[in-house]
Structures are given as C-alpha cells and as structure tokens.
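Each reported figure results from applying straightforward, stated rules to the coordinates on display, with no laboratory input. Given the structure is predicted, the values throughout are model-derived calculations rather than measurements. Reconstructed Cβ throughout: ideal geometry from the backbone, glycine too, with neighbour counts over all protein chains shown.
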C-alpha cells in the first residue's frame, strides 16, 4: 500500500510530538511497524520518554546489590582464579626451584626477578593483569623455593 502525500505530511507533523504510535496507526490505518519504518526513512526521530510506573533499576544499582549479597562467593572465586593462574605460571617455569630443585609444594615456590628487570610488583601483575602481560613479566623471572629466595635476598646477591 503506497503512502499518500497527506499521510506523509500528517506523519511529519505528529511523529515527533506526543501522540503515541498506536494513535497515529489508528489515524493512518497502518501498522505501528510500518509507521516506524516510514519515520526512519523520512529521517524522523521520536523523543524517548521514561515510563512513569517503571520499577526498573539502573544496572549499577543491581550490580552493587548483587556484589553486597554475594561478597564471599565472589572473593572465593577470585582467589581460586588467582591461585590457578599462579600455578600455571609456575608450571611454565619448570615447577621446581632453579637453585636446589625443590618441587614438593607449589605454594612454597616464589618468582624472583632477574637482575634489574623489574617493571612493577609481580604479585599485582599476576592478580590484576591479563595472561599475556603476566607471561611477559614471568619471562624475566626465575622460580625459587622460599628458603633459596630468602637466602638470595639476605646475601644481597642477584642471580
């Protein structure tokens, strides 16, 4: 069904104003979708009105409420994710101390930066950065057990 000139004129006058699309569709005897489509082709835009009786809440409020209700679970998942990433990085470096060969417990192994290549706090990089950034920083490290790492720092020598 072809649009008549008077229908187009009526649409141009009323599309931007208050009448609802239902009222316009009754007046023009066309579907709401047809009216929206013609409005877009004519370059007409309707102002967006907020619904007065809407119970919708902003996403920010919903996310904050979710966080408040699930703090412990979120923290637990984050800790598990950090531990998993740290263990993967330790496996990539061989999974044992570079000096004495200790490999009984992954938790006892530490990353040690090679001489003068430190770009930031490694624990923060592992926790808060992407895997690519962590891998890039880990390439500058060696893996040491807790005892060898403490001895190395107390002597003041650098490997």
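Here the Gaussian network model covers the chain, with springs between Cα atoms less than 10 Å apart; of 98, 25, 123, 25 fluctuates the most.
Taking only the alpha carbons of segment 59-155, we obtain Rg and Dmax values of 16.5, 54 Å in that order. For segment 1-21, the residues whose backbone nitrogen is under 18 Å from a point 7 Å from the Cα of residue 29, taken along Cα to Cβ, are 1-11.
Can you pull a Stokes-Einstein diffusion coefficient for segment 58-101 at 10 °C (1.306 mPa s), Rh from Kirkwood over Cα pairs, as a whole number of µm²/s? Translational diffusion coefficient: 122 µm²/s.
Computed over the chain, the per-residue total of -39500 (n - 2.57) for DSSP H runs of n ≥ 4 gives a 222 nm mean residue ellipticity of -16500 deg cm²/dmol, rounded to 500.
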